[in-house]
Amino acid sequence: GENVEQHPSTLSVQEGDSAVIKCTYSDSASNYFPWYKQELGKRPQLIIDIRSNVGEKKDQRIAVTLNKTAKHFSLHITETQPEDSAVYFCAASTNAGKSTFGDGTTLTVKP
Amino acid sequence: GAVVSQHPSWVICKSGTSVKIECRSLDFQATTMFWYRQFPKQSLMLMATSNEGSKATYEQGVEKDKFLINHASLTLSTLTVTSAHPEDSSFYICSARTAQGNNEQFFGPGTRLTVL
């Protein structure tokens, strides 16, 4: 089955700096890669996603890159703000829709 | 659009009892729903995939007789934790996929289960 590895497990940055979280996946059939933000006790919220036919996608301060050959994808958050502090999960999904999640990254943005 | 609800949001029960959690897609038809379990400070672990009108597909290590899943309609799936024990205490989250099949999942708000 699919295996998704996520790094780092914790990340602390100063407000205004950039944050980068990286994930690798194993199943070449995976073609959909969402990123979720989860606050304590809440549901995961989709913040950005990318499909296998695209190499990069950007939405304001958030961007995701995908390298299909190397089977890795990354989340980039620029100009971080304290409200960006949360746990971020990457996931990889096939056409069957079943998602495998990374272990999560706890991002802390210090004011 | 694409709203998923769960009920109850939290439940406390005694060891040995059964608990039913409902997952509803409010404004779309969900041919597939997924059930996840999340322990504190851990990731979401897929328990089973629920398809409307057919038997659920359970992930390895998940007991199908303990975690009963019923997907009776295109808007409702239920998870029943039978003979609950303290180790079943967790955050249970469902998600639903639309019939369009574009892979995006919409998550419910989760159910916090505490077994005493």
**Fill in**
Scanning segment B:55-65 for residues that are free of Cβ contacts under 8 Å to residues at least 12 places away in the same chain and part of a loop (DSSP other than H, G, I, E, B) gives B:55, B:60, B:61, B:63
**Request:** From the list A:105, A:100, pick out the single residue that is in contact with a His (Cβ under 8 Å, 6 or more places away or on another chain), among the β-branched types (Val, Ile, Thr), within 14 Å of chain B (Cβ to nearest Cβ) and under 26 Å from residue B:94 (Cβ atoms).
**Result:** A:105
**Some residue of segment A:47-64 being within 13 Å of chain B (Cβ to nearest Cβ) and touching a Cys at 6+ places or on another chain (Cβ under 8 Å)** = no
**Item:** Wholly enclosed strands (runs of 3 or more DSSP E) of segment A:24-111 bearing at least 1 residues more than 15 Å from the chain's Cα centre (by Cα)
**Value:** A:105-110
**Residues located in segment B:83-102, provided they are surrounded by 15 or more Cβ atoms within 10 Å (Cβ to Cβ), over 17 Å from residue B:7 (Cα atoms) and of a type in the set (S, T, N, Q)** = B:98
**Message:** Against the definition (within 22 Å of residue A:110 (Cα to Cα) and in a loop (DSSP other than H, G, I, E, B)), how does residue A:1 come out, yes or no?
**Reply:** no
**Asked** How many residues does segment B:101-116 contain that are of a type in the set (S, T, N, Q) and assigned to a loop (DSSP other than H, G, I, E, B)?
**Response** 2
**Message:** Just to be sure before I move on: is residue B:38 more than 13 Å from the chain's Cα centre (by Cα) and within 24 Å of residue A:101 (Cα to Cα) in the structure I sent?
**Reply:** no
**Item:** Residue that is farthest from the chain's Cα centre (by Cα), among those in segment B:86-100 that are free of Cβ contacts under 8 Å to residues at least 40 places away in the same chain and part of a loop (DSSP other than H, G, I, E, B)
**Value:** B:100
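One line per residue, one yes/no per condition, for (1) of a type outside the set (Val, Ile, Thr); (2) without any contact (Cβ under 8 Å) to a residue 60 or more places away in the chain; (3) more than 10 Å from chain A (Cβ to nearest Cβ); (4) in a strand (DSSP E or B):
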residue	(1), (2), (3), (4)
B:5	yes, no, yes, yes
B:17	no, no, yes, no
B:53	yes, yes, yes, no
B:68	yes, yes, yes, yes
B:80	no, no, yes, yes
B:84	yes, no, yes, no
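Condition check ((1) modelled with pLDDT of 95 or more; (2) surrounded by fewer than 19 Cβ atoms within 10 Å (Cβ to Cβ)) across all residues:
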{"site": "A:52", "(1), (2)": "no, yes"}
{"site": "A:58", "(1), (2)": "yes, yes"}
{"site": "A:63", "(1), (2)": "yes, yes"}
{"site": "A:68", "(1), (2)": "no, yes"}
{"site": "A:76", "(1), (2)": "yes, yes"}
{"site": "A:79", "(1), (2)": "yes, yes"}
{"site": "A:83", "(1), (2)": "yes, yes"}
{"site": "A:89", "(1), (2)": "yes, no"}
{"site": "A:93", "(1), (2)": "no, no"}
**Item:** Number of positions in segment A:82-93 that are facing chain B (nearest Cβ under 8 Å) and among the polar types (S, T, N, Q)
**Value:** 1
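The values are calculated or read from the model by the stated rules, or taken from the named source; none is laboratory data. All of these numbers come straight from a predicted model, not from anything done at the bench. Cβ coordinates were reconstructed from backbone atoms using ideal geometry, including for glycine residues, and neighbour counts include every protein chain displayed.
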